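Visitor: Before we start, here is the structure in question, set down as structure tokens.
Values quoted throughout were computed directly from the atomic coordinates according to the rules given, and no laboratory measurement underlies them. None of these values were measured; they are calculated from a predicted model.
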Amino acid sequence: MAAPQISEIDVLKKNLRRKMAEYRQGLSSEDEERLRGFLLKEILAQPAQKIAAVWPLAEEVDLRPLCHDVWKAGRQVLLPETTPKGSPLIFRRWTPASPMIVGRFGTSHPEGDVDVPDLVLVPFLAFDRFGYRLGYGGGYYDRTLAALNVPAIGFGFAGQQINAVPRGPYDIPLKTIVTECGVIRTDNPKSL
């Protein structure tokens, strides 16, 4: 049996993921705090009531303080449960009292009921001015956004912006990106 072919785009993405993971190690807690501030302001400016956030893995932006702020503002917080590869994420309701369960790939999700968000926060390792993002390689968020068709906000750091993210046919661009420097609106007609 022949080994699966690795495409040029896969190699580009792999190298970019490594480079951006190294970049993020040099960021400060103040950068994260500014990012969360801009992100909270952008969330609260939206009519959405069910906000899908992210419980952090090591080396990721820590949105736990943001989850508490969103919940205190009267919005529902949903966190993803990592599903088997090839399927969209499912989201479970979270409150500050929710017990957390260890999931796939070292992720954590609440024990809460499954629900459907009306706004999704999307992490990235890199992004471009067209709203395309480089994720972690599983395709979970692209499948999830395609299935939900709800607004999404990408979040990360200004230094993660590159000229053009290598993209495949299933990559979904985002209309809004939030960094520690503020909010970026993309003008891609395909964006969510």
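Visitor: What are the semi-axes of the equivalent ellipsoid for region 98-192, taken as the square roots of 5 times the Cα gyration tensor eigenvalues, largest first, in whole Å?
Guide: Ellipsoid semi-axes (Å, largest first): 24, 15, 14.
Visitor: What whole-number volume per residue, in cubic angstrom, does the convex hull of the C-alpha atoms of region 37-90 give?
Guide: Convex hull of Cα atoms, per residue: 97 Å³.
Visitor: To continue, here is another question. Rounded to the nearest 5, what % of DSSP beta bridges with both residues in the chain are antiparallel?
Guide: Close to 55 percent.
Visitor: Given the -39500 (n - 2.57) contribution per DSSP H run of 4+ residues, what per-residue ellipticity at 222 nm results for the chain, rounded to the nearest 500 deg cm²/dmol?
Guide: -8500 deg cm²/dmol
Visitor: Considering the Cα positions of the chain, please state its Rg to one decimal place and its Dmax as a whole number of Å.
Guide: 16.1, 56
Visitor: Now a separate question. Express the Stokes-Einstein translational diffusion coefficient of region 1-110 in µm² s⁻¹, to the nearest whole number, given a Kirkwood radius over alpha-carbon pairs, 10 °C and a viscosity of 1.306 mPa s.
Guide: 98
Visitor: For Lys19, list the lysines whose Cα falls under 29 Å from its own Cα; do not include residues on the same chain fewer than 8 positions away.
Guide: Leaving aside lysines fewer than 8 places away in the same chain, those within reach of Lys19 are Lys85, Lys175, Lys190.
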